[in-house]
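Input: a single structure, listed below in structure tokens.
The values are calculated or read from the model by the stated rules, or taken from the named source; none is laboratory data. The structure presented is a predicted model; accordingly, all values stated were derived computationally and were not measured. Counting neighbours? That spans all protein chains shown, and the Cβs are built from the backbone with ideal geometry, glycine included.
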Amino acid sequence: MRRKDGRETWNRLLDWDKGYAAAERLAALILLSEGYNNLDPSHPLGGRDGLKDMKLSTGGKNWIGAVYFPRGQMTFNNISEKFEHDVKGVKSNNANGIVFITNQELRLGERQTLKEIADSYNSDLKIYHLEILADLLNLPKNYGIRMEFLDIEMTKEEQLSFFEECNELKNKYEIMEKTILMNLEYSKKIYDSITNNDELRSIDEISKAETEFYEKIWLDRHLMLMNSVYKNDKKTSPEILRDAQKSANEIIKKYGEENVGPYSDFEWGMINGKLSALRWVLGCDWDMLDT
């Protein structure tokens, strides 16, 4: 009779009798399901493995994987001796750390001891011990792996969980598909609008528009300066004022008095935004509004 509360998976892992080739393959599949990349097994069927059972990567780091699946619970001395032998492979394989996958039960203090051993070899450490492996294999997404390596079939409750997760994945993919199709349609509309309209504006046209907004903003700032001078809030040399007033009159004549303000707050914001955008197109940084 199958044991409940996850104990069947837990006990079958601890009583492992399928050998090291199967253990390494099981470990590889679990790590892939956990999001590890570039997994490269060494020699599951035997051979010199260069102090590693596999190479893999995650989080921008390179790791070696070490698998320890004896039958039954070993003493911690045996576990730590095996780990210390394996962790030496981090340096020889130019890795950042070691992923230790074992069917052994490890207490908190024992995990801390393994971490201290890893630290002494300047190695990062991730441990997948018995409890973690059992929990992972009891997830719906890993029922197939569990069935293949532990011969544990799904209960009715697990079948319901499995199909519910399949439905959730299906819904997520449908949402993704709709989003992608919407983006493709939007991109097509933009492309069509570009290809069906006149050619894009030339650099000369863009530069001319940039000059217009530059001059209008300069004029407004000049008028604020003149207002401060008339109020005796600011002192400026007569020569500078004379030249500035001459430039201001030329701008007013160029665009027409009705086209140079005064502006509402909204209009003033639009003019500054247009100047910023035009300058960005011409190679300046955003918000470059110097006049």
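The table below gives the values:
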| quantity | calculated |
| --- | --- |
| Residues within the range 103-161 that are farther than 21 Å from Gly89 by Cβ and β-branched (Val, Ile, Thr), tallied | 4 |
| Segments classed as helices (runs of 4 or more DSSP H), wholly inside the range 84-174, with at least 2 members that are closer than 26 Å to Gly60 by Cβ and more than 28 Å from the chain's Cα centre (by Cα) | 89-92, 108-120 |
| Set Ile145, Ile117, Ile127: member being in contact (Cβ under 8 Å) with a residue 12 or more places away in the chain, in contact with a Lys or Arg (Cβ under 7 Å, 6 or more places away or on another chain) and closer than 30 Å to Ala23 by Cβ | Ile127 |
| Hits in the range 240-258 (condition: over 14 Å from Tyr214 (Cα atoms) and in contact (Cβ under 8 Å) with a residue 12 or more places away in the chain) | Leu241, Ala244, Gln245 |
| Residue count for the range 215-243, restricted to those that are closer than 22 Å to Met288 by Cβ and in contact with a helix residue (DSSP H, G or I) (Cβ under 7 Å, 6 or more places away or on another chain) | 5 |
| Among the candidates Asp124, Asp151, Asp119, residue that is in the same structural domain as Leu26 (by TED's automatic domain parsing), at pLDDT 75 or above, of a type outside the set (Gly, Ala, Ser) and loosely packed, with under 11 Cβ neighbours inside 10 Å | Asp151 |
| Residue match in the range 78-85 (condition: within 14 Å of Ala23 (Cβ to Cβ) and either crowded, with 21+ Cβ neighbours inside 10 Å or of a type outside the set (Lys, Arg) (or both)) | no |
